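Colleague: I have a structure I would like to understand better, so I am pasting it below and will then ask my questions one at a time.
The values are calculated or read from the model by the stated rules, or taken from the named source; none is laboratory data. Because the structure is predicted, anything quoted here is derived from the model rather than measured. FYI the Cβ positions are ideal-geometry reconstructions off the backbone, even for glycines, and counts take in every protein chain you see. When the accessible area is computed, the model is the full protein with side chains, heavy atoms only, and any ligands, DNA or RNA have been set aside. Shrake-Rupley method; radii C 1.70, N 1.55, O 1.52, S 1.80 Å.
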Amino acid sequence: MSTDVLNLRALNRALLARQMLLEPSPLPVGPGRADAVVATIEHLAGLQAQAPFPPYYGLWSRLAGFQPGDLAELLVSRQVVRIALMRSTIHLVSARDCLSFRPLIQPVLDRSLPAIFGRQLAGLDTAALAEAGRALVDAEPRTFGELGGLLAPDWPGHPPNALAQGVRTLVPLVQVPPRAVWGAAGQSRHTSAQAWLGSPLDPSPSPEVLVTRYLGAFGPATVADVQAWSGLTRLAEVVDRMRPGLRTFRDERGRELFDLPDAPRPVHGTPAPVRLVAEFDNLVLSHADRSRVISPDHRQRLNTRNGIFPGTVLVDGFVAGMWRITRTRGTATLAIELFSQVSPADRAAITAEGERLLHFAGPGDDHEIRFAPVA
């Protein structure tokens, strides 16, 4: 069994390779295109999606030729959904992963309910709330405001919003289109995953499969990393059962890393091109120790933006700045804030990538790129 040591750069390149950020994959034209987008979403084990549109940019950065309609059609056709999963956060996942991931992640959501709404829901029969809430959202998709208002008469004394959030925790709710459909607008309306997809949740989901999926997208990794990504606890027991089929390493601090035997680990010296990574991208949010992609100082700068996690700029594989697009009067402006000086070649590459991003985000707009603080 290998005990090789992987340094920070080796971990960075392995992560970028699995995240499809070293070399974007070309999308086929015609038959198989939709399947390729779904396969990418599954390979990534979903994309964080508490805001409606970052997944479009996340796929743009990973799939050559990706267009907004490629994802919008998958949402409308119910091949992918937006649902609360890892860390109780909305993720975009395939229909298949929705039905298998949600029962595995349910303990995370169960823990969050008393932590956030314990006092407001004290003494309430949660099973009865779940049953009533599901009946209402399965009758027709509803906003949380509508759902809470309909539940309130049967649970007087409990705030309507807390009742609605209780249903969100207890029932696997998906957000239905037109929410998050590119070019459309709509409130967040919810129905159950079972009703929307016409299938039950997986009755016997495998935590080993979940760990395998994580390592395929984010490894090599410690047990703590898998737990930070998923929100689950006690995964050391799961990984120990898997140990005979995994490869192990150590990082420079001596921590044990687990990986899939045949997963890509690029050779020393592999270059990493400049990339503009989406807001809330799991690349930067899926490890207990995120230093393989962002330094502690730079991470702190991202965390001070009123809870809005900006898009990030990768230079030589590591976060070197952040970006945000604003639109006014037919002009799409990309603001890029760099955390330190970069070489002229890297600045030119950032500008070129920015132009490519603007053509994706606003093909009919005038475009402007500013190297300035991100508001």
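Colleague: Quick one: which helices (runs of 4 or more DSSP H) sit completely within the stretch 117-177 and have at least 2 residues that are surrounded by 20 or more Cβ atoms within 10 Å (Cβ to Cβ) and among the small types (Gly, Ala, Ser)?
Modeller: Helices (runs of 4 or more DSSP H) meeting the threshold: 160-170.
Colleague: Give me the residue from the stretch 95-112 that is open to solvent by 10 Å² or more (accessible area, probe 1.4 Å) and either basic (Lys, Arg) or outside any helix (DSSP H, G or I) (or both) and, out of that set, farthest from Val176 (Cα to Cα).
Modeller: Only one residue tops the list, namely Arg111.
Colleague: Filter the stretch 1-25 down to the residues that are under 19 Å from the mean Cα position of the chain (by Cα), of a type in the set (A, V, I, L, M) and open to solvent by 10 Å² or more (accessible area, probe 1.4 Å), then identify the one that is farthest from Gly46 (Cα to Cα).
Modeller: Filtering first and then ranking leaves Leu22.
Colleague: Taking the stretch 183-223 only, how many residues are part of a helix (DSSP H, G or I), of a type in the set (S, T, N, Q) and under 17 Å from Leu257 (Cβ atoms)?
Modeller: 1
Colleague: If I filter the stretch 273-320 down to residues being among the small types (Gly, Ala, Ser) and open to solvent by less than 10 Å² (accessible area, probe 1.4 Å), which single residue comes out as farthest from Leu235 (Cα to Cα)?
Modeller: Gly311
Colleague: Now a separate question. May I ask you to list the residues in the stretch 61-80 that are under 11 Å from Ala278 (Cα atoms) and of a type outside the set (Gly, Ala, Ser)?
Modeller: Scanning the stretch 61-80 gives a single hit, Arg62.
Colleague: Okay, moving on. Quick check on my filter: what residues within the stretch 194-234 are without any contact (Cβ under 8 Å) to a residue 60 or more places away in the chain, more than 14 Å from Gln106 (Cα to Cα) and among the polar types (S, T, N, Q)?
Modeller: Listed by number, the residues that qualify are Gln194, Thr212.
Colleague: If you don't mind, there's one more thing I want to ask. Only residues that are open to solvent by less than 10 Å² (accessible area, probe 1.4 Å) and outside any helix (DSSP H, G or I): list them for the stretch 324-359, please.
Modeller: Passing the criteria: Ala332, Leu334, Ile336.
Colleague: Every residue in the stretch 364-375 that is within 20 Å of Glu279 (Cβ to Cβ), open to solvent by 80 Å² or more (accessible area, probe 1.4 Å) and of a type outside the set (Gly, Ala, Ser), please.
Modeller: Scanning the stretch 364-375 gives Arg370, Pro373.
Colleague: Which ones in the stretch 130-142 are closer than 21 Å to Asp110 by Cα and touching a His at 6+ places or on another chain (Cβ under 9 Å)?
Modeller: Val137
Colleague: Further, regarding this structure: How many of the residues making up the stretch 41-94 are in a helix (DSSP H, G or I), under 12 Å from the mean Cα position of the chain (by Cα) and aliphatic (A, V, I, L, M)?
Modeller: Here the count works out to 3.
Colleague: With the structure loaded, tell me whether Gly58 is surrounded by fewer than 19 Cβ atoms within 10 Å (Cβ to Cβ) and either within 29 Å of Glu279 (Cα to Cα) or not polar (S, T, N, Q) (or both) or whether it fails that test.
Modeller: No, not satisfied.
Colleague: If the requirement is being among the β-branched types (Val, Ile, Thr), over 23 Å from Gly219 (Cα atoms) and in contact with a helix residue (DSSP H, G or I) (Cβ under 9 Å, 6 or more places away or on another chain), which of these qualifies: Val81, Val93?
Modeller: That would be Val81, the only listed residue that is among the β-branched types (Val, Ile, Thr), over 23 Å from Gly219 (Cα atoms) and in contact with a helix residue (DSSP H, G or I) (Cβ under 9 Å, 6 or more places away or on another chain).
Colleague: Same structure, new question: Among the β-branched types (Val, Ile, Thr) and either at pLDDT 95 or above or open to solvent by less than 30 Å² (accessible area, probe 1.4 Å) (or both): is that true of Thr212 in this structure?
Modeller: The answer is yes for Thr212.
Colleague: Looking for whichever is in contact with a helix residue (DSSP H, G or I) (Cβ under 9 Å, 6 or more places away or on another chain) and modelled with pLDDT under 95 here; the options are Gly183, Gly149. Which one fits?
Modeller: Gly183
Colleague: Output the qualifying pairs, or none if there are none: Cβ atoms under 9 angstrom, residues six or more apart or on different chains, first residue in the stretch 52-73 and free of Cβ contacts under 8 Å to residues at least 60 places away in the same chain, second residue open to solvent by 10 Å² or more (accessible area, probe 1.4 Å) and of a type in the set (Gly, Ala, Ser).
Modeller: That search, which allows pairs on different chains as well, returns Arg62/Ser25; Leu63/Ser25; Leu63/Ala36; Ala64/Ser25; Asp70/Ala34; Asp70/Ala36; Glu73/Ala34.
Colleague: Residue under question is Val238, and the condition is that it be closer than 18 Å to Leu92 by Cα, among the aliphatic types (A, V, I, L, M) and at pLDDT 95 or above; does it hold?
Modeller: Considered against the rule, which asks whether it is closer than 18 Å to Leu92 by Cα, among the aliphatic types (A, V, I, L, M) and at pLDDT 95 or above, Val238 comes out as no.
Colleague: Could I ask something else about it? What residue, among those in the stretch 248-272 that are touching a strand residue (DSSP E or B) at 6+ places or on another chain (Cβ under 7 Å) and open to solvent by 80 Å² or more (accessible area, probe 1.4 Å), is farthest from Pro220 (Cα to Cα)?
Modeller: Selected residue: Glu252.
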